[in-house]
Amino acid sequence: MNNNENLRIGLVWFRNDLRLYDNETLHKAQAENDLVVPVYVFDTRNYRTSTYGFKKTGDFRAQFLLECVADLRNRIRALGGELAIHTGIPEDILPALCLKHEVTTLYLSQEVAPEETQVENELQHRLGDAGVEMQTYNTATLLTKELLPFSLDKMHDMFTAFRWEVERVNAIQGTLPTPTHITVPANMDAGVRPDITGLNGNHLHTDPRAAMAFVGGETAALARLQEYVWGTDGVATYFDNRNGLLGRDYSTKLSAWLSAGCISARVIHHTIKEYERVRVANKSTYWVTFELLWRDFFRFNMEKYHCELFFSQGPKRRAMDQTDNYELLHRWINGKTGSEFVDANMNELRLTGFMSNRGRQITASYLVNDLKVKWLMGAAYFESQLIDYDVSSNYGNWAYIAGVGNDPRQDRYFNIDKQAATFDANGAYRKLWLQKH
Ligand SMILES: Cc1cc2nc3c(=O)[nH]c(=O)nc-3n(C[C@H](O)[C@H](O)[C@H](O)COP(=O)(O)OP(=O)(O)OC[C@H]3O[C@@H](n4cnc5c(N)ncnc54)[C@H](O)[C@@H]3O)c2cc1C
């Protein structure tokens, strides 16, 4: 029994929305309750080994998420509140916390991929039995789903057609403010933040060649946005530089923070709109929003095709001539294919958890089209290794490159030599990532 009688108490379950600014879930909970219980759960299922022998969450992302959660806790504490951190199974932990704190409503951000929606369904079932209401919000996309000019089952399978349709309507809403205070129940238990070994991970050594150090959390995310937009004016030359391979500023490098939800796509968009008003509006400033629309496209695509994006034949149901040859797979992973451009990119990914968009397209195409290895194995390795792993963007891009997504083009073959000659003409990238360290 708590001593918060007659007070309305809501629980906010933070998932891939590890931020305070422009977070509708938190915003609604704050508006509808006297007290909130902010909770994060390290779901132990996400730290196990998956089908093809990779850790589902590799060390780079595990470390990044630990930092995100630490930063979220600090930010909540600065507003007078507390973040309860638990490790285990959310469907077990959250109903117990609701019972303890006499919570009437649990607020969470909605996920769209099969494993995550299964968790939501199970949670809903258990909360229903306990008489707790569950409210879900889409905090991930730039576009507001309810404002789209089509239902998702009628959504176009071609990005260009999707973009034309969404750009005709105004489906991007304004941002929600950061709360000024967060009041939690007096008897709230803060729990324990695990360390990397507690998540089956290992401490990492930073490779000095990394494009940049990704520090988890909303604080670092907002700082990176500020730096890229206002500090370096990188956004004004994005279109020309986005196929780069070296350094921090050839692209926004915001993906890891977007994937963990440390920053919202809307905040990025509206910051750029402000930049356009104050400094310059050009093709580059538009193009960052264009890329954020790709992100939305893949997320809505996941909602539409769901489990089909995890079958080797994909939504297109196209039979592929592919092997599950582990030797070839591991040569690719370890940068030992003999194709220098592929190997350099795979070294960067293995040693830093990041790879450019160009590199991802080339290495994915090489695995599928040249080595003829099952695309799901490559996607599972990226899932483990990428610091910015996002289920919809990863499986959507892989299916697209493998030619099993639902777009009309059959496959996306990249001629590696041509790519190297175009994007690494002087060999600087290959030189950097093929040398031993
Ligand atoms: C095989 C493959 C797997 C990928 N896996 C992921 C993944 O797991 N997580 C992820 O965030 N991105 C993924 N991408 C997309 C893209 O490569 C990264 O988002 C981008 O390289 C991140 O760097 P950036 O933030 O500097 O991007 P920028 O070029 O600055 O783009 C700005 C933002 O737009 C979004 N974006 C850009 N390109 C894409 C795209 N093709 N698909 C979806 N969103 C895009 C990202 O959120 C990115 O942060 C994948 C691409 C490929 C080809």
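Mind pulling the angle between the C-alpha long axis of helix 265-278 and the longest principal axis of the chain? Nearest 10 degrees, somewhere in 0 to 90. The helix 265-278 is inclined about 70 degrees to the chain. If you take all other residues with their beta carbon under 11 Å from the beta carbon of His270, and give Lys and Arg +1 and Asp and Glu -1, the sum is 0. GNM remark for the chain: springs join alpha carbons under 10 Å apart, and the peak mean-square fluctuation among Ser284, Ser384, Ser392 falls on Ser284. The calculated FRET efficiency for Asn170 paired with Asn282, based on their beta-carbon distance and R0 = 25 Å, is about 0.70. Over all other residues within a Cβ to Cβ distance under 13 Å of Ala84, the charged ones net out to +2, with Lys and Arg as +1 and Asp and Glu as -1.
Tell me, what is the percent relative contact order of the chain, built from C-alpha pairs under 8 Å that lie six or more residues apart?
Values: 724 pairs, mean separation 85.1, N = 437.
That works out to 19 percent.
Please enumerate, by chain and number, the lysines with C-alpha under 22 Å from the C-alpha of Lys372, excluding those fewer than 8 residues away in the same chain. Partners found: Lys316, Lys336, Lys418.
With runs of 4+ DSSP H residues as the only contributors, calculate the mean residue ellipticity of the chain at 222 nm using -39,500 (n - 2.57) per run, divided by the residue total and rounded to the nearest 500. Could you put the intermediate results ahead of the total?
Working: 17 runs with 191 residues, N = 437.
Roughly -13500 deg cm²/dmol at 222 nm, from the helical runs in the chain.
Going from the residue with the fewest nearby Cβ atoms within 10 Å to the one with the most, Glu146, Glu348, Glu122 rank Glu146, Glu122, Glu348.
What does DSSP give for the chain in terms of the percent of beta bridges that are antiparallel, rounded to the nearest 5? Taking every DSSP beta bridge with both residues in the chain, the antiparallel ones total about 5 percent.
Backbone amide hydrogens, once placed in the peptide plane, bring Thr183 within less than 5 Å of Val36, excluding anything fewer than 5 places away on its chain.
Taking R0 as 25 Å, what FRET efficiency do you get between Asn334 and Lys372 from their Cβ-Cβ distance, rounded to the nearest 0.05? Before the final figure, lay out each step's value.
Values: r = 18 Å, r/R0 = 0.74.
Working from the Cβ atoms, E equals 0.85.
Which of these, Gln135, Gln63, Gln385, has the largest mean-square fluctuation under a Gaussian network model of the chain (Cα springs below 10 Å)? With Cα springs under 10 Å in the chain, the top fluctuation among Gln135, Gln63, Gln385 is at Gln135. A straight line joining the Cα centroids of the stretch 41-84 and the stretch 168-201 runs 11 Å. Taking each residue as 0.36 nm, the span from Thr289 to Glu146 lengthens on full extension beyond its C-alpha to C-alpha distance by 49.6 nm.
Taking amide H atoms as placed 1.01 Å from N in the peptide plane, the amide H of Leu176 lies under 5 Å from those of Asp22, Asn23, each 5 or more residues away in sequence or on another chain. Sort the stretch 105-198 into rounded, prolate or oblate with this rule: let a ≥ b ≥ c be the square roots of the eigenvalues of the Cα gyration tensor; rounded if a/c is under 1.5, and if a/c is not under 1.5, prolate when a/b is larger than b/c, oblate otherwise. It is prolate, given that a/c is not under 1.5 and a/b is the larger ratio.
Here the 3J(HN,Hα) profile of the stretch 214-230, calculated from phi with Karplus coefficients 6.51, -1.76 and 1.60 at θ = phi - 60°, is 8, 9, x, x, 5, 4, 5, 5, 5, 5, 5, 4, 4, 5, 5, 7, 8 Hz, Gly and Pro shown as x.
Evaluating 6.51 cos²θ - 1.76 cosθ + 1.60 at θ = phi - 60° for every residue in the stretch 388-403, the Karplus couplings come out as 9, 3, 9, 4, 6, 5, 5, 5, x, 5, 5, 4, 4, 5, 6, x Hz, glycine and proline recorded as x. When peptides 254-267, 422-435 are ranked by their average number of other Cβ atoms within 10 Å per residue, the highest-first order is 254-267, 422-435.
For the stretch 311-434, what does the relative contact order come out to in percent, with C-alpha contacts under 8 Å and a separation of six or more? Walk me through the numbers before you get to the answer.
Numbers: 158 pairs, mean separation 36.9, N = 124.
Normalised by residue count, the contact order of the stretch 311-434 is 30 percent.
Laboratory data are not the source of any read-out in this text; all were calculated from the coordinates shown. Keep in mind that what you see is a predicted model, and the values were worked out from it rather than measured. When we count neighbours, we look across all protein chains shown, and the Cβ atoms used for this are built from the backbone with ideal geometry, even at glycine.
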